[in-house]
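A.B. asks: Could you have a look at this structure, given as structure tokens, before my questions?
The values are calculated or read from the model by the stated rules, or taken from the named source; none is laboratory data. Treat the numbers as computed from the prediction; the structure is a model and nothing was measured. With ideal geometry, Cβ positions are generated from the backbone for all residues, glycine too; neighbour counts draw on all protein chains shown. Surface areas here come from the heavy atoms of the whole protein model, side chains and all, with no ligands, DNA or RNA. Shrake-Rupley method; radii C 1.70, N 1.55, O 1.52, S 1.80 Å.
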Amino acid sequence: VQLQASGGGLVQAGGSLRLSCAASGRTFSTYSMGWFRQAPGKEREVVAGISRSGSSTYYADSVKGRFTISRDNAKNTVYLQMNSLKPEDTAVYYCAAAEYYSARRDSKEYSYWGQGTQVTVSS
């Protein structure tokens, strides 16, 4: 499966952005999906994950209550709605696909990765 992330940009603290990740290739609904991020000088970290059906989700503690992951299997797309953004959310955001039913937290369980989209939050 090929993944194409988009929607990043520059936003002021407290603002919102919605990231999208469009998938092509094998059937999108056979993958659980996740969003990860990597800030300069830091390791890649999980942000959120969603199961194949979209019925279950996972969020990192740092984004709970502010970010929402969702998917539209008819459109082969997964989204990350980011609200109340903080400067510490600044990073390159990546979408990824895992060959599991449930939402996954470990980056090693993801087989396919998109190219990343930059999110910059100014204070």
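A.B. asks: Where nothing but the Cβ of Lys and Arg (+1) and of Asp and Glu (-1) is charged, how large is the charge dipole of the chain around its Cα centre, in debye to the nearest 20?
C.D. replies: About 160 debye.
A.B. asks: For the range 14-70 and the range 89-119, compute the distance between their C-alpha centroids and round to whole Å.
C.D. replies: 7
A.B. asks: In addition: Quick check: at a probe of 1.4 Å, how many percent of the accessible area of the range 48-123 sits on carbon and sulfur atoms?
C.D. replies: Of the solvent-accessible surface of the range 48-123, carbon and sulfur hold 43 percent.
A.B. asks: Pick out, from Pro87, Ser55, Phe36, the residue whose Cα sits farthest towards the positive end of the charge dipole of the range 8-98, with +1 on the Cβ of Lys and Arg and -1 on the Cβ of Asp and Glu.
C.D. replies: Checking the options against the dipole of the range 8-98, the answer is Ser55.
A.B. asks: Using 0.36 nm per residue of separation minus the Cα-Cα distance, give me the extension gain between Lys75 and Gln4 in nm, one decimal.
C.D. replies: Result: 24.2 nm gained on full extension.
A.B. asks: Ignoring everything but the protein chains, give the 1.4 Å probe accessible area of Leu17 in square angstrom, nearest 10.
C.D. replies: 30
A.B. asks: Top to bottom by accessible area (1.4 Å), largest first, where do Thr30, Thr57 land?
C.D. replies: Thr57, Thr30
A.B. asks: Just subtract the alpha-carbon distance of Arg44 and Glu109 from 0.36 nm times their residue separation and send over the number in nm, one decimal.
C.D. replies: 22.0 nm
A.B. asks: Another question, then. Could you please report the charge total around Leu85, scoring K, R as +1 and D, E as -1 over all other residues with beta-carbon less than 15 angstrom from its beta-carbon?
C.D. replies: My count for the surroundings of Leu85 gives +3.
A.B. asks: Of all DSSP beta bridges located in the chain, what percent are antiparallel, nearest 5? Present the calculation step by step, with values, prior to reporting the outcome.
C.D. replies: On the way: 38 of 42 bridges.
The answer is about 90 percent antiparallel.
A.B. asks: Whose amide H sits under 5 Å from the amide H of Phe67, counting only residues 5 or more places off or on another chain, with H placed in the peptide plane?
C.D. replies: Asn83
A.B. asks: Taking a probe of 1.4 Å, how large is the accessible area per residue of the chain, in Å²?
C.D. replies: 50
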